[in-house]
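One structure below.
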Amino acid sequence: MITLQRIRIVACSRWLCTSHCKPVGPNISVSGESGHGSLSFRNLSTSTERRTIMPAWVIDGYGGNEVLRFTKNASFPIIHYPNEVIVKVHAAGLNPIDISMRGGYGAATLAMRRDPLNINQSGREFPLVLGRDVSGVIMECGLDVAYFKPGDEVWAAVPPWKQGGLAEFVVLSANEVSHKPKSLSHPEAAAVPYVASTAWSALVNTGGVSKDNCANKRMLIIGASGGVGTFAIQMLKAWGAHVTVTCSQNAEGLVRGLGADHVVDYTAGDVPEQLKSLEKFDLILDNVGGVTENWALDFLKPWAGAKYVTLVTPFLFNTDRLGVADGMMQNGVTIARKTLKHLCKGVHYRWGFFAPSGPTLDDISEMVDAGQVRPVLEEQFPFSQVPQAFLKLEKGHARGKTVVNVVTGSGDAQ
């Protein structure tokens, strides 16, 4: 549920900065005329000089792991809009999209999102900071931020078009940030936001699932041992669904421990053949894609509002290959064709996408603190070993999340 504190009172927002965004020490200051609402930032250590740089892992071009570069001179983030906050990152989570973005996947679409009017030159996204999950502490607030204050522990899923969490600080919209669950450490919290937001968007926003309509529904999660799958299992079970999953035999203990009712081992034989003996499903969440689409929709209940939601779509591939305009047109043709084809069979075909949302993370935080869901953290790395963390993620067959501890003391890996 979206709390009332997230409703901003615009009429008095210009006067909230000193009361709701009070600096947490003598080294952070608010400056500028009240009519402009500009913020300045001081060195967050003991220095009184204005801070303009910070340590970060960046890439200066697209490629393999060799493009990762550590620098102590990354640009310090700046609040440009009154609803933004600066977060000191304690831990950052890695996701498969970070591997893809490092190689240039989605560059055309993300460039359009960063610069809709195409004002800047190509390549202006560099140096680019990766890392889609952050857990940390609010350091400064924009003028319109009333729901947070400096010192608050928060978590967030960083949108792909923004600078990521593999840095000492990150700037985010307050609408993308949520108070961190009290029961989690920063490394544990950094294992959740991106996959949880993606699963929530796919299941709730696209699939139409909720805690009020999920009881006794039959759900199938294809590729369930990764980050999105492990969260989706827990969320659906907390809402009373019957959950069947596909994974390899060595992940069976993990998914059963998270609540999966039935496990199909894809290494034990043909998955469609194994599913034939089971009752059909109300919803399928596909984390694998590819040839899965050729058979998965046959296992949905026909003419009962059943939905197939896939997170593996050609959306960014088409825009990278064809350009934004032609790519979007191709996407429209593809989704329309597939939707109509399967609608004639009595089932619904949908594409699912990540959607950043602080209010969604508020709901997820409540579920975490209530013991309904928990992070699945596979391995932690210190900030000095970001390349090793990427190599680990590249090996695939994840059994949870890979997390980087940015601040010493935020986890055992440091």
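Worth a mention:
- Sequence of K211, K345 from largest to smallest accessible area, 1.4 Å probe: K211, K345
- FRET efficiency for the pair A238 and T52, taken as 1/(1 + (r/R0)^6) with r the Cβ-Cβ distance and R0 = 51 Å, rounds to 0.65.
- Normalised contact order of the stretch 314-411, rounded percent, pairs of Cα under 8 Å and 6 or more residues apart: 17
- With all protein chains in place and ligands, DNA and RNA left out, the 1.4 Å accessible area ranks H242, H186 as H242, H186, largest first.
- Accessible area ranking (1.4 Å probe, heavy atoms, ligands and nucleic acids excluded), largest first, for I335, I233: I335, I233.
- Qualifying trypsin sites (Lys or Arg not before Pro) in the stretch 276-335, where qualification requires a DSSP coil assignment and no more than 14 other C-beta atoms within 10 Å, comprise K276.
- Cross-link table K182/K395; K180/K401; K276/K341; K88/K182; K182/K217; K276/K301, entries beyond 24 Å C-alpha to C-alpha: K182/K395; K182/K217
- The stretch 268-414, accessible surface, carbon-and-sulfur percent (1.4 angstrom probe): 55
- Cα pair distances exceeding 12 angstrom across the stretch 347-396, given as percent: 77
The values are calculated or read from the model by the stated rules, or taken from the named source; none is laboratory data. Here the structure is a predicted model, which means the values were calculated and not measured. Quick reminder, even Gly has a Cβ in these numbers, built from the backbone with ideal geometry, and neighbours come from all protein chains shown. Accessible surface is based on the protein model in full, side chains and every heavy atom, while ligands, DNA and RNA are left aside. Shrake-Rupley method; radii C 1.70, N 1.55, O 1.52, S 1.80 Å.
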